[in-house]
Amino acid sequence: MSAGFEFTGERFVPGVDGEIVYEHVHRYAFARALVQGKRVLDAACGEGYGSALLAPAAASVTGVDIDADTIAHARERYQAVGNLAFVSGSVAALPLADASIDVVVSFETIEHLPADLQPRMLAEFARVLAPGGCIVLSAPNRVEYSDKRGYANPFHLHEHDRAELDTLLAAHFPARRFFRQRLWLGSTIWCEEGGRSMVTAYIGDSSNVTDAPPPEAMYYLILAAAHEAALP
């Protein structure tokens, strides 16, 4: 675990084991494929591990977090990464110039803001995006994450269902593409010769096996932009 950072059960830090590793790290793997040669903002970057994962693919990465101690830690821990910088600031008032970013990455951030600040955060993302830029945002699906489990995360101030999140994003990002994320156990079959082979998921037992339908989202990952052509 990162020195000086206690794991609270909410903010992921390197060294923690369990489901949270797959959830958080896989989001950055998803984003890394979209940031090749781009100027990237990692909004609410936390400890900085995700910014560092994006940096080898990106032209530059700026991690922003509201906690000054966290930023000081990130600067020290990842100082050897030449195209990576960390800045203290709020996602609702970003310390960045207009049109200075090509891709905004914001994972599990919006639900930590009160409802009245969430539109301001998205307005800030739109402000710092250069023409043709896009955002990659994740958020829990309230229906699956909270409602069905009877669970109330004390760190979450305002969660959304899919329609609410889509409406909120639409004000600044008319083009949107939704993806689903959920831990899903199973057996994997792949070609030992490698390559981009097709992956098929199955469900069933000894009496019958069929293609498995995708599960409901525990989290949504959304690509959003000002127009459809900007979506990767």
* **From ASP98, ASP116, residue being open to solvent by 50 Å² or more (accessible area, probe 1.4 Å) and closer than 18 Å to ILE66 by Cβ** => ASP116
* To do: Kindly establish whether GLU144 is touching a Lys or Arg at 6+ places or on another chain (Cβ under 7 Å), over 20 Å from VAL61 (Cα atoms) and open to solvent by 10 Å² or more (accessible area, probe 1.4 Å).
  => no
* Structure fact -> Listed by first then second residue, the pairs whose first member lies in region 25-38 and is in contact (Cβ under 8 Å) with a residue 24 or more places away in the chain, whose partner is in a helix (DSSP H, G or I) and open to solvent by less than 80 Å² (accessible area, probe 1.4 Å), with beta carbons under 6 Å and at least 6 positions apart or on separate chains, are TYR28/GLY50; TYR28/LEU53; ARG32/LEU54; VAL35/LEU54
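For region 92-116, give me each residue that is among the hydrophobic types (A, V, I, L, M, F, W, C) and out of contact with any His (no Cβ under 9 Å at 6 or more places or on another chain).
Scanning region 92-116 gives ALA92, ALA93, LEU94, LEU96, ALA97, ALA99, ILE101, VAL103, VAL104, VAL105.
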* Asked: Are any of the residues in region 158-165 of a type in the set (A, V, I, L, M, F, W, C), under 18 Å from ALA224 (Cβ atoms) and either open to solvent by less than 60 Å² (accessible area, probe 1.4 Å) or not in a loop (DSSP other than H, G, I, E, B) (or both)?
  -> yes
* Scanning region 54-76 for residues that are surrounded by fewer than 19 Cβ atoms within 10 Å (Cβ to Cβ) and out of contact with any strand residue (DSSP E or B) (no Cβ under 8 Å at 6 or more places or on another chain), which turns out nearest to LEU117 (Cα to Cα)? -> ASP69
* Single match in PRO174, PRO154, PRO213, PRO131 (criterion: open to solvent by 40 Å² or more (accessible area, probe 1.4 Å) and closer than 16 Å to ASP102 by Cα) -> PRO131
* Asked: within 16 Å of the chain's Cα centre (by Cα), assigned to a loop (DSSP other than H, G, I, E, B) and of a type in the set (Gly, Ala, Ser) - does that describe any residue in region 33-43?
  -> yes
* Check off (1) over 18 Å from ALA31 (Cβ atoms); (2) within 17 Å of the chain's Cα centre (by Cα) for LEU122 and give me the number that stays unchecked. => (1)
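The values are calculated or read from the model by the stated rules, or taken from the named source; none is laboratory data. All values derive from a computational prediction rather than experimental measurement. Here the Cβ is made from the backbone with ideal geometry for all residues, glycine too, and neighbour counts use every protein chain on show. The accessibility values were calculated without ligands, DNA or RNA, using every heavy atom of the protein model including side chains. Shrake-Rupley method; radii C 1.70, N 1.55, O 1.52, S 1.80 Å.
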